[in-house]
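Visitor: The following block contains the structure, expressed as structure tokens.
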Amino acid sequence: MAINERRVERQTIALFKRVKMAKQDIKHGQKMSPENALRKMRAARK
């Protein structure tokens with residue numbers, strides 16, 4: 001498998017996990033603004 005294919009696969013899996021977590025947050029009533037979501041994602045990268 002080429003490096004680019006692995007990168008795309010990892011990004012796809014990461015996106016799927018984010019969507020799954022977002023659905024859980026909504027289910028539990030934990031909603032946030034797009035700005036707060038960006039801050040949270042950026043903080044998680046560090």
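Visitor: Taking the solvent-accessible surface of protein heavy atoms with a 1.4 Å probe, what is the per residue accessible area of the chain in Å²? Could the numbers behind the result be given before it?
Guide: Working: 4730 Å² over 46 residues.
Dividing the accessible area of the chain by its residue count gives 103 Å².
Visitor: Could you give the angle, 0 to 90 degrees to the nearest 10, between helix 34-45's Cα long axis and the longest principal axis of the Cα atoms of the chain?
Guide: The angle comes out near 50 degrees.
Visitor: Can you give me the angle between helix 3-27 and the longest principal axis of the chain, using Cα atoms only, in degrees from 0 to 90, rounded to the nearest 10?
Guide: Relative to the chain, helix 3-27 is tipped by roughly 20 degrees.
Visitor: Also: Can you put LEU15, LEU38 in order of accessible area, largest first, using a 1.4 Å probe? Intermediate values should be presented prior to the final figure.
Guide: Working: LEU15 100, LEU38 80 Å².
So, going from the largest accessible area down, we get LEU15, LEU38.
Visitor: Within the chain, count lysine pairs with alpha carbon atoms under 18 angstrom apart where the residues are 8 or more positions apart or belong to different chains. It would help to have the intermediate numbers written out before the result.
Guide: Working: LYS17/LYS27; LYS17/LYS31; LYS17/LYS40; LYS20/LYS31; LYS20/LYS40; LYS23/LYS31; LYS23/LYS40; LYS31/LYS40.
Qualifying lysine pairs in the chain: 8.
Visitor: Calculate the radius of gyration of the Cα atoms of the chain to one decimal place, then report Dmax, the largest Cα-Cα distance, as a whole number, both in Å.
Guide: 13.3, 41
The values are calculated or read from the model by the stated rules, or taken from the named source; none is laboratory data. Here the structure is a predicted model, which means the values were calculated and not measured. Heavy atoms of the whole protein, side chains included, go into the accessibility calculation; ligands, DNA and RNA do not. Shrake-Rupley method; radii C 1.70, N 1.55, O 1.52, S 1.80 Å.
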